[in-house]
Amino acid sequence: MSWEVPLTTRALITGITGQDGSYLAEHLLEQGYEVWGLVRGQANPHVSRLRKHIGDVRLVHGDLLDQGSLISAVEKVRPDEVYNLGAISFVPMSWQQAEITAEVTGMGVLRMLEAIRVVSGISGSRTPGGGQIRFYQASSSEMFGQVRETPQNERTPFHPRSPYGVAKTYGHFITQNYRESYGMFAVSGILFNHESPRRGAEFVTRKISLGVARIKLGLTDKLTLGNLEARRDWGYAGDYVRAMRLMLAAATPEDYVIGTGRTQSVRELVELAFATAGLDWRHHVITDSALTRPAEVDLLCGDPKKARDQLGWEPGVTFEELVTMMVESDLALLSRSDRPADEPLSFDHW
Ligand code: NAP
Ligand code: GDD
C-alpha cells in the first residue's frame, strides 16, 4: 500500500534554480502540489529566471551553509516533503574548492536533516513515525567512482574519486543514518547523469550541444574537450524527477538507483551530436589535457531494476533522442534574433 498523499501536498525544494529543481517544480505543480523553493543570496539572477518561467512557485530564503536559515524555512513552509537538490554539483570545481564543496554538498545535507528533526520535535532516539516530513536526498552515481562491478546497483560499494563524490557519499550515509536513528522517512536517489536543454553549459553534454550549434551557425570552428574515453549512463532530467516523487510516495523509505542501463563514451556522444547537425566531428574537436581530471570516473552504468520493479519507474527518452533534443534546442536558441549578445552560460532555453 502506498502512502496516502494529503489533499494538497506541500513540497520544499532546495536547488530549485538548478536543472533538476526546475523540472521537479513543474512536475509537482502538475501533480497538484504546493511548491516552495529555497533560494539563496540577494538578487540571485537565477531566481528571476525561475520566476519568469514557473510563476506558481513560492520562494523562501535560506542557504545550505546556514543552519538557522534552514530551520526558519522549514518552520515557515511546514512542508510535507523536502527535496534536497541544492549542491555544488560540477565535479571539477570540487578540486578547486574542496572545502566549500564539503560544506554545501556534504554538510548541507546534515543541516537540512537537522532542520527537519528540530522543527518536527524529534529528539533522542527513534520517534514513532519519525515525524511527518518526508526527505529526499540527491545522491549521485559519482559515489561509485572507481566501480567495483558493472552495472552498478543499490548494493554496489562506493569508491568516490572526487571531493564532490566524497561529499555526496557523506550526504548519502547521513541520510541513511537519520532514517535508522530517528525513524525518519529519509531516502536517497542514486541518480546517474541526466541532462536536458536546461543543463548548465559547463557539463559535457551541454558544452557539446552548444559547441555543435555554434559551429553549425558559423560562430566558431573548434570545440575543445578533455577525456573522450570516459563512459556515462546518460538519461533525460524530465524522466528522473518523476522517480524522486515516486520514492517519497512509496510505502517504505528505501534508496534507489535511477539510470537507463546503457553506457556511452564521450566520443560516441560527440559523434552523434555533430552528425545530428550534419557535421563531421573530426574536423572540429580538439582535446586538451588541461581539461582532464586528477582522478577520473572511467565507467558508469546504472541498473534501475529495483526502481522499475518497486516504483514502476521507466526512463522515457533514449540517449539518441536526448542528444537530438539538446542539439536542436541549442540551434534554435542561438538562431534567435533576440539572442543576448553574451552567449548562454546556463539553461536559458525553456
Ligand atoms: P545544478 O543545476 O548545478 O543546481 C544546483 C543548485 O544548487 C542550484 O539551484 C544552486 O542555486 C543550488 N545551490 C548551490 N549552493 C547552494 C547553497 N549554498 N545553498 C542552497 N542552494 C545552493 O544541479 P542539478 O543538475 O540540477 O542537480 C541537482 C542535484 O542532483 C545536485 O545535488 C546534484 O549534485 C545532484 N545530481 C545531479 C545529477 C545530474 O546528472 N544532473 C546526477 C546525480 C546527482 P543558486 O541558483 O543559488 O546557485
Ligand atoms: N565537463 C566536461 N567538460 N567534461 C568533459 C569534458 C569537458 O570539456 N571533456 C570530457 N569530459 C568528460 C569528463 O571527464 C567526465 O568523464 C564526463 O565527460 C562527464 O562530465 P560532466 O558532464 O562534467 O559530468 P560528471 O559525470 O562529472 O558529473 C555529473 O554527473 C554526476 C552523476 O554521475 C554531474 O551532474 C554531477 O553533479 C553528478 O553527480
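Using only Cα coordinates, the Kirkwood hydrodynamic radius of the stretch 187-301 works out to 15.7 Å. What a 1.4 Å probe finds exposed on the stretch 29-75 is 46% carbon and sulfur by accessible area, rounded to a whole percent. Relative to the longest principal axis of the Cα atoms of the chain, the long axis of helix 204-216 lies at roughly 30 degrees. Within the accessible area of the stretch 196-249, the carbon and sulfur atoms contribute 48%, probe 1.4 Å, all protein chains present. Based on protein heavy atoms only, the stretch 157-217 ends up with 29 Å² per residue of surface accessible to a 1.4 Å probe.
Beta bridges assigned by DSSP with both partners in the chain are antiparallel in approximately 5 percent of cases. Once Rh for the stretch 1-90 is found with the Kirkwood sum over Cα pairs, what is the Stokes-Einstein diffusion coefficient at 10 °C and 1.306 mPa s, in µm²/s? Estimated via Stokes-Einstein, D reaches 119 µm²/s. The residues of the stretch 240-316 present an accessible area of 44 Å² per residue when probed at 1.4 Å with all protein chains retained.
Taking every alpha-carbon pair within the chain, the share separated by more than 34 Å comes to 23 percent. Pairwise Cα distances in the stretch 120-246 exceed 17 Å in 68 percent of cases.
Relative to the longest principal axis of the Cα atoms of the chain, helix 319-335 runs at roughly 70 degrees. Using Cα pairs closer than 8 Å and at least 6 residues apart in sequence, work out the relative contact order for the chain, in percent. Computed value for the chain: 18 percent relative contact order.
Calculated accessible area for the stretch 58-141 comes out at 41 Å² per residue, all protein chains present (probe 1.4 Å; ligands, DNA, RNA ignored). Computed with a 1.4 Å probe on the full set of protein chains, the accessible area for S140 sits at about 10 Å².
The values are calculated or read from the model by the stated rules, or taken from the named source; none is laboratory data. Just so you know, these numbers come straight off a predicted model, no measurement behind them. Accessible surface areas use protein heavy atoms only, side chains included; no ligands, DNA or RNA. Shrake-Rupley method; radii C 1.70, N 1.55, O 1.52, S 1.80 Å.
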